[in-house]
Each structure stands twice: as C-alpha cells, then as structure tokens.
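All remarks here apply to the structure that follows.
The values are calculated or read from the model by the stated rules, or taken from the named source; none is laboratory data. For clarity, every value in this text was computed on a predicted model and none was experimentally measured. Glycine gets a Cβ as well: all are built from the backbone with ideal geometry, and neighbour counts include every protein chain shown.
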Amino acid sequence: MTIQEYLHKINDRYKLGIATEHTYRGDLQSLLETLAPGINVTNEPSRIECGAPDYILSKGKIPVGYIEAKDVGKPLDSKEYKEQFDRYKKSLENLIITDYLDFQLFVEGQPGPAVRIADTERGRIVPRPEKYSEFEGLIKNFSMFTGQTIKSPATVV
C-alpha cells in the first residue's frame with residue numbers, strides 16, 4: 001500500500017463521521033508492512049508490563065518498536081493522554097505516537113523526528129505529499145532500531 005492509497009482509505013472512513021481510532025488500524029498496519037519489509041507488524045499485541053500499545057513491530061520474535069495510535073485529529077499533546085504517553089516513553093526504547101496523520105518518534109524517552117503526512121480540513125483529509133519521503137525515512141529508521149541486548153544477567157550491552 002502506498003502512502004497515497006493509505007490516506008485515500010483514511011479519508012473515506014473519516015468522511016463517514018462514525019469512525020473511531022480502531023477503524024483505521026488495519027490501514028496503518030498495511031502501510032507499515034509495505035514500508036518496512038521483513039518486519040512483522042502486529043495490531044493489538046499481547047499486553048506488556050507498561051500497558052498495551054496498539055502495535056508492535058518485530059523482527060522474528062524480537063521487538064524493534066511500538067506504536068500507540070489515537071483517533072484522527074485528536075491532539076497528541078492532550079492532557080487526556082499524558083499519563084499513558086509518559087509511561088510508554090519511560091518504558092519503551094523505540095516508540096511512535098500517532099493520530100494516523102501525525103507521527104511523533106521517541107527514542108529512549110526523548111523526542112525524535114516528527115512528520116505530518118496530512119491535515120484535517122472541513123471534514124476531510126488533505127494529503128501533504130511533500131512529506132511522504134520524510135515519513136518513509138522515519139518509518140525505515142524506526143523499523144531498523146536495535147536496542148540494548150542482555151548478554152548475561154549482570155551485563156547489559
């Protein structure tokens with residue numbers, strides 16, 4: 001799936017006016033699988049110690065990143081999400097927070113690159129094609145992350 005196809009599907013669902021954050025999950029999963037070949041993208045993975053992020057990206061059984069998605073157009077800096085986002089940033093080394101249009105990367109709890117690939121205007125999604133290659137780079141880097149691996153019970157490398 002291309003970014004353009006993804007945004008077209010998101011727009012179709014958004015315009016209905018009855019979609020929730022869960023409505024778009026399969027579309028983002030398909031896009032991620034296209035942009036990060038060789039990476040498994042799991043929607044609604046098993047709960048982990050810090051909560052239940054919406055997606056886990058893994059290489060084999062090794063997690064490479066997590067994604068938490070909120071509904072299209074919901075402000076990601078909302079106080080409503082602060083506690084959850086802070087918990088995830090503290091616990092997850094490689095995290096993207098998104099509203100399906102705006103993608104904010106956090107590495108080891110610190111803000112990284114962010115990119116918005118579309119806006120909402122008058123009840124529809126308006127693509128920002130000039131941001132597509134930047135977004136592709138963000139997803140490529142996100143999916144290639146290698147965190148710390150434990151070599152022995154006493155040594156973290």
inquiry  = Just to verify a result, which residue in the range 109-129, among those that are out of contact with any strand residue (DSSP E or B) (no Cβ under 9 Å at 6 or more places or on another chain), of a type outside the set (D, E) and free of Cβ contacts under 8 Å to residues at least 40 places away in the same chain, is farthest from K140 (Cα to Cα)?
reply    = R122
ask   = Would it be correct to say that S46 is within 22 Å of G112 (Cα to Cα), over 12 Å from the mean Cα position of the chain (by Cα) and surrounded by fewer than 20 Cβ atoms within 10 Å (Cβ to Cβ)?
value = no
message = Exactly one of these conditions fails for G17: (1) touching a residue at least 40 places away in the same chain (Cβ under 8 Å); (2) buried (at least 20 other Cβ atoms within 10 Å of the Cβ). Give me its number.
response = (2)
note = The condition of being under 16 Å from the mean Cα position of the chain (by Cα), under 27 Å from T120 (Cα atoms) and assigned to a loop (DSSP other than H, G, I, E, B) holds, among D77, D27, D86, only for D77
ask   = Filter the range 98-118 for residues that are crowded, with 21+ Cβ neighbours inside 10 Å and among the β-branched types (V, I, T); which is farthest from M144 (Cα to Cα)?
value = I117
query = Limited to the range 92-132, what total is found for residues that are more than 26 Å from Q4 (Cα to Cα) and more than 16 Å from the chain's Cα centre (by Cα)?
reply = 0
query = Of the residues that sit in the range 30-57 and are within 26 Å of T120 (Cβ to Cβ) and of a type in the set (S, T, N, Q), which one is modelled with the lowest pLDDT?
reply = N43
